[in-house]
Amino acid sequence: MNMKEKMRKNEKKIDLEQRYDLLHAHPGILQVELGLDKFPKKLPKKLTLAAIRRIVKTITVVDANSATLRAFATFSIMELEKNFYRLFSPSKKTEGFLRAIVHHSRLFRLEIALQSLRGPIVHVLVCGYRTENKLLLIMVDITAQKREEELDAFDRRQRLVLESLEEKEAVARQLLRIMSHELKTPLTPIQVRLQMLRDGNLGSLNKKQQISVLSVIKNFDRFATLITNIVDASKLSRGALQLALEYEHLEVTIQQVITFVGPTLRKNRIKLILRLAKLPLLQFDADRLQQVFFNLLDNALSFTPKGGTITVTAKKMKNNILVCVQNTGESLHVDELERIFRPFYQVVATDTRKKGGTGLGLAICRGIVMQHGGKIWAEGLQRGGVKILFTLPCNTKKLRIGRREKK
Amino acid sequence: MKKILLVDDEPEVLAAEAELLQSWNYDVTAVNSAKKAVAALKKGTFDLVLLDILMPVMTGRGLAQYIRDNPGLKEQKIVFLTVVQLGEAGKLIIKELNPIDYITKPFDNNDLRKRLKKILGG
């Protein structure tokens, strides 16, 4: 094989590749002649597509390329000629374009969307002009470019939406940060002064005044809990709650909370059964786990009928500590077992001794437990009542610790 | 009478806390900025500095740092009062400043009283 032959072979190869490119990357073109017997002296008043059809006698495709058939979703050029008008939906734009060509003998161009014979819309750039006895239309398929443009526009819109969302989130975060400080600050002087009144630091109160102050304190406590819950839930939702982990005894934490709820237990004649196994020293945030226990017990108390029982158990299971707070009373519907951990979800109990609450208690529990690397879930009991369980890993080395709260 | 320097930038909080402490027979000097606290510390001695952490300009931490850096005040007892619950990092930083205690606001009056008694005796 001499050099010349070799080169020729290479050229052929390139040629084939180029043709392949043409087929796939080059746009379909279509050149159509609409033959008129003779240009009518008098044009119909309203040059609609139908009117134009009447003066057109022949339709001939004079040029096409390998991509044409695909672009117009047709099997053959013949089919395209036969069904040429189907491409044009009678819209103002197309009609106006054709009318302009018919009326004026100069070149017009327009981007229009055509209905391909079987399948999607094809965007074409049409150039048209008229001679004495024919209308010539040259169409180039620009669907690909159009789609790219659309995608670009979509991207831009998407980016804008994202940016505005991020901005809104930043504002909300800032707002919550301010709120958590500003909302909590007035609580201190109110609480200090109310308790001073109650404890007689400001002089002794008569019976009526005492009852009034106690009622204010009770409502204030509820209000303060509400604010604390909202602030905590918002912190948890944006991962800003930071744990203060220390090695502690979980049993001690549980006992501390139980002394809190003692009076309520006695008042409602609710029996508390405590089954705490000897647990290993664990690393956890004692304040936060107190909050979890308090919420769980408070929750159980709300749904335990008078004379009922609450059972608290804690034991070691493999690498986890399993804690369970169980109460007698009504069971929950299966759907509700998951839903109760969602923020602002509230169970409608028939025996509601204690109404209100934010519906945030269990959501906060879940957040705190999850941040400790544990799980929390609820189970309904067939004989009535609800069981809420959570785990704490014994090995807490790989804990996710929330972002540091910046001020 | 034990002397307490109370520092908090919120006037309402400061007033309520000061009245509370006075009702327990403490000699209270209440100031609303770290700068004034520094001035007070230069003039007199206190058994305890009760300090809000989040304050503008010079924070409670800054003030505590000033106290710790001052040789004359090395043994000064400090208790932090904070409206935000401290995370692990926050606790670590504060530990370096060697406070005796820190109390989260809002606090229970009786709880505060018990803690102060433990620190100051009496």
Check your understanding: Nearest 10 degrees, 0 to 90: what angle lies between the long axis of helix A:250-267 and the longest principal axis of chain A (Cα atoms)?
Key -> 70 degrees
Revision key, fill the gap. Taking r as the C-beta separation of A:D155 and A:C127 and R0 as 30 Å, the FRET efficiency to the nearest 0.05 is 0.50
Check your understanding: What net charge is computed for the residues neighbouring A:Q210, neighbours being all others with C-beta under 12 Å from the C-beta of A:Q210, Lys and Arg scored +1, Asp and Glu -1?
Key -> +2
Study note, to complete from the structure: If B:M58, A:M317, A:M139 are placed from fewest to most neighbouring beta carbons inside 10 Å, the sequence is A:M317, B:M58, A:M139
Point to revise | Residues listed by number, the range A:181-213, amide nitrogen under 17 Å from B:K117 label point at 7 Å toward C-beta | key: A:196, A:199-201
Check your understanding: With the dipole of chain B worked out from charges on the C-beta (+1 for Lys and Arg, -1 for Asp and Glu) around the Cα centre, which of B:G44, B:N32, B:I4 lies farthest toward the positive end?
Key -> B:G44
Review point. What does the convex hull of the Cα atoms come to per residue for the range A:273-350, in Å³?
Key: 123 Å³
Check your understanding: Computed on alpha carbon atoms, what radius of gyration and Dmax characterise the protein assembly as shown, expressed in Å?
Key -> 40.0, 122
Exercise for review: Can you find, among B:N98, B:I78, A:G200, the residue farthest towards the positive end of the dipole of the protein assembly as shown? Put +1 on the C-beta of Lys and Arg, -1 on that of Asp and Glu.
Suggested key: A:G200
Exercise for review: On a 0 to 90° scale, report how tilted helix A:143-184 is relative to the longest principal axis of chain A, with both axes built from alpha carbons and the result rounded to the nearest 10.
Suggested key: 20 degrees
Review point. Can you list the trypsin sites (Lys or Arg not before Pro) in the range A:296-349 that are in a DSSP coil and have 16 or fewer other beta carbons within 10 angstrom?
Key: A:K306, A:K318
Review point. Given charges of +1 on the Cβ of Lys and Arg and -1 on the Cβ of Asp and Glu, with all other atoms neutral, how large is the dipole of chain A about its Cα centre, in debye to the nearest 20?
Key: 620 debye
**Study point:** Partner chain coverage, peptide B:16-27 - average Cβ within 10 angstrom
**Key:** 3
Point to revise | Relative packing of A:277-283, A:122-128, A:82-88, which averages over residues the other C-beta atoms within 10 Å, highest first | key: A:122-128, A:82-88, A:277-283
Exercise for review: Mind giving me the FRET efficiency for A:E5 and A:S164? R0 is 60 Å, r the Cβ-Cβ distance, nearest 0.05 is fine.
Suggested key: 0.40
Exercise for review: Sort B:5-11, B:68-74 for me by packing, meaning the mean count of neighbouring Cβ atoms within 10 Å per residue, highest on top.
Suggested key: B:5-11, B:68-74
Review point. How well do other chains shield peptide A:152-161, expressed as the mean number of their Cβ atoms within 10 Å of each residue Cβ?
Key: 0
Practice item. Quantify how strongly other chains surround peptide A:178-191 by giving the mean number of their Cβ atoms within 10 Å of each of its Cβ atoms. Key: 5
Exercise for review: Choose one answer from A:A314, A:A363, A:A71: the residue with the largest mean-square fluctuation in a GNM of chain A with alpha-carbon springs under 10 Å.
Suggested key: A:A71
Review point. For the range A:73-99 and the range A:159-208, what is the separation of their C-alpha centers, rounded to whole Å?
Key: 69 Å
Revision key, fill the gap. Kirkwood radius from Cα pairs of the range A:145-235 plugged into Stokes-Einstein at 20 °C, 1.002 mPa s, gives D in µm²/s equal to 125 µm²/s
Point to revise | Range of Cα positions in chain B per principal axis (Å), largest first | key: 33, 32, 27
Review point. Nearest 10 degrees, 0 to 90: what angle lies between the long axis of helix A:3-25 and the longest principal axis of chain A (Cα atoms)?
Key: 60 degrees
Point to revise | Computed magnitude of the charge dipole of the range A:134-273 (debye, nearest 20; Cβ of K, R +1, Cβ of D, E -1) | key: 1200 debye
Revision key, fill the gap. Per the 1/(1 + (r/R0)^6) rule, R0 = 30 Å and r from the Cβ atoms of A:L43 and A:I77, FRET efficiency to 0.05 is 0.50
Exercise for review: Filter the GluC sites (Glu not before Pro) in the range A:45-144 down to the DSSP loop ones having no more than 15 other Cβ atoms within 10 Å, then list what survives.
Suggested key: A:E132
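Each reported figure results from applying straightforward, stated rules to the coordinates on display, with no laboratory input. The model shown is predicted, which means the values in this text are computed figures rather than measured ones. Note: ideal-geometry Cβ built from the backbone for every residue, glycine included; neighbour counts use all protein chains shown.
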